[in-house]
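The values are calculated or read from the model by the stated rules, or taken from the named source; none is laboratory data. Keep in mind it's a predicted model, so treat the numbers as computed, not measured. Cβ coordinates were reconstructed from backbone atoms using ideal geometry, including for glycine residues, and neighbour counts include every protein chain displayed. Surface areas here come from the heavy atoms of the whole protein model, side chains and all, with no ligands, DNA or RNA. Shrake-Rupley method; radii C 1.70, N 1.55, O 1.52, S 1.80 Å.
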Amino acid sequence: MSVTPAWQTDFDMARACLEWQFEMGVDEAICDAPIDRYALDAAPVPKPAVKPSVTAPTPDAAPIATPDADPVAEATQMAAQAQDLDALAAALSAYPHCDLKLGARNLVFADGRAGARVMIVGEAPGREEDMRGRPFVGEAGQLLDRMLKAIGVARDHPDLGRAVYITNILPWRPPQNRDPSPEERAMMRPFVLRHIALAAPDILVLMGRISASTLLGSKDGITKIRGQWREVAGIPALPMLHPAYLLRNPAAKRETWADLLALQARLRTMT
Ligand code: URA
């Protein structure tokens, strides 16, 4: 019988803890030297400096939330003041009420071409997106690119009429890719609506359950409403199944193909 030595268990445990911290977005040690907290007794512990986790764009000072502020009202006001997409990204960076920012590596704002006729709104960045600061660049994003290519559009198509602009309901990755909470969705909604107004697409694609329910306010499931044209802020909006769902349920690609053809047909009739 082989017995695992105690040092090996400690090593594995320490390594698992480190990997978990890395996964949660920790990328630096806060103090220069270790603190012996037993020796500190009642002495005040120095507060670690909090580094803003967003890389683009960085506000001058770390945003501080006032305790009794209304997060949705403040989001609405900050979003309304943004007069262009850069200002909107800066407003998101400065927004103090969404703690997801603290665990994210990057603000994932948008990709593709602003001014494109089609704007896709997904759910939230995953691990790849968080690392690279761009939406839909992981496995689901690669499937999305293939889906778009099948109807002759692409996120970087040189012809704006066939280009796509992409964002998410949440610009920061939720830990462990959990579903965004109703509060997180409510506070990001004004920013997404402003994002849509500034990008001014002809058509919106609501990619997946979280996007559709946040923007339509409907309780109907995505499998029920997918493929049915709706409106968001006066813009025709098509709810579709999320590519991550298609990766788990390949049989559903059939419905998605029908939705892609509906999108293509609508683009043709709107020219
Ligand atoms: N899923 C999303 O909804 N958005 C991304 O950016 C990546 C995966």
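In table form, for the structure just shown:
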quantity	calculated
Positive-end residue of Ala90, Leu260, Leu160, charge dipole of the range 71-269 with Cβ unit charges	Leu260
Relative intensity, log₁₀ I(q)/I(0), of the range 71-269 from a Debye sum that treats every alpha carbon as a point, q = 0.13, 0.15, 0.17 Å⁻¹	-0.63, -0.87, -1.15
Net charge of Cβ neighbours under 12 Å - reference His157; Lys, Arg +1; Asp, Glu -1	+2
Accessible area, probe 1.4 Å, largest first, for residues Glu123, Glu231, Glu129	Glu231, Glu123, Glu129
Potential extension, Gln142-Asp86 segment - 0.36 nm per residue separation minus Cα distance	17.6 nm
Electrostatic dipole magnitude of the range 71-269 [Cβ: Lys, Arg +1; Asp, Glu -1; Cα centre; debye, to 20]	560
Distant-in-sequence amide H partners of Ile120 (H built 1.01 Å from N, under 5 Å)	Tyr165, Ile166, Thr167, Val205
Inter-part distance where the range 79-94 and the range 219-251 are each reduced to a Cα centre, Å	27
